[in-house]
Amino acid sequence: MTSEELDRWASAYISFQLDGLRPSAAHPLWWAVELFMSEPGAERCWAAILTILAKEPPDPVIEMLAAGPLEDLIEYAGARYIDRIETEARRNPAFRSLLGGVWKSSSPEIWGRVEAARGEAW
């Protein structure tokens, strides 16, 4: 995925989450949510999560990003990403905060590392 495609995805995800209409699969930006669901542990999902976060979206988007794409990534591919999750949480306060919105998932070992990396839950 090119950086332009990644940026388009991130912007569409943010717009979808901020749309005042009732979100549904019929929404023209639904594809931005569906990409996360189609392959929750994909590298492109990790990159999109970080790209969305870097755009400093409002809290409602942050809440959905934590409870959806990041939570799914941890659940389905936590073992593969936990080292990167810990590193990103140490260097990026916004990511550490984002982890606070993730509900318990993955194995006990991975979840314990997520809890240690995130600090306080929301």
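For the chain, what does the alpha-carbon gyration tensor say about shape, rounded, prolate or oblate, given a ≥ b ≥ c as the root eigenvalues, a/c under 1.5 as rounded, and a/b over b/c as prolate?
prolate
Determine, from the Cβ-Cβ distance of GLU43 and ALA79 and an R0 of 22 Å, the FRET efficiency 1/(1 + (r/R0)^6), rounded to the nearest 0.05.
My answer for the efficiency is 0.90.
May I ask for the angle, rounded to the nearest 10°, between helix 108-118 and the longest principal axis of the chain, with both axes built from Cα atoms and the value confined to 0 to 90°?
Roughly 80 degrees between the two axes.
Rounded to the nearest 0.05, what FRET efficiency do ALA121 and THR87 have when you use their Cβ-Cβ distance and R0 = 30 Å?
Once the sixth-power term is evaluated, E becomes 0.90.
Taking a ≥ b ≥ c as the square roots of the eigenvalues of the Cα gyration tensor of region 26-97, is the shape rounded (a/c under 1.5), prolate (a/b larger than b/c) or oblate?
Judged from the Cα gyration tensor, region 26-97 comes out oblate (a/c at least 1.5, b/c at or above a/b).
Select from region 71-122 those trypsin sites (Lys or Arg not before Pro) which occupy a DSSP coil region and have at most 13 other Cβ atoms within 10 Å, ordered by residue number.
When the trypsin sites (Lys or Arg not before Pro) of region 71-122 are filtered for loop state and at most 13 Cβ neighbours within 10 Å, LYS104 remain.
Among THR51, ALA89, ILE62, pick out the residue whose Cα is farthest towards the positive end of the charge dipole of region 3-118, where Lys and Arg carry +1 and Asp and Glu carry -1 on C-beta, about the Cα centre.
Positive-most Cα among the choices belongs to ALA89.
Taking R0 as 41 Å, what FRET efficiency do you get between GLU109 and THR2 from their Cβ-Cβ distance, rounded to the nearest 0.05?
Computed FRET efficiency for GLU109 and THR2 comes out at 0.70.
Read-outs: derived from the displayed coordinates by stated rules, not from any lab. Only a predicted model underlies this, so the values are computations on that prediction, with no experimental measurement involved. Please note: Cβ atoms are built from the backbone with ideal geometry, for glycine as well, and neighbour counts cover all protein chains shown.
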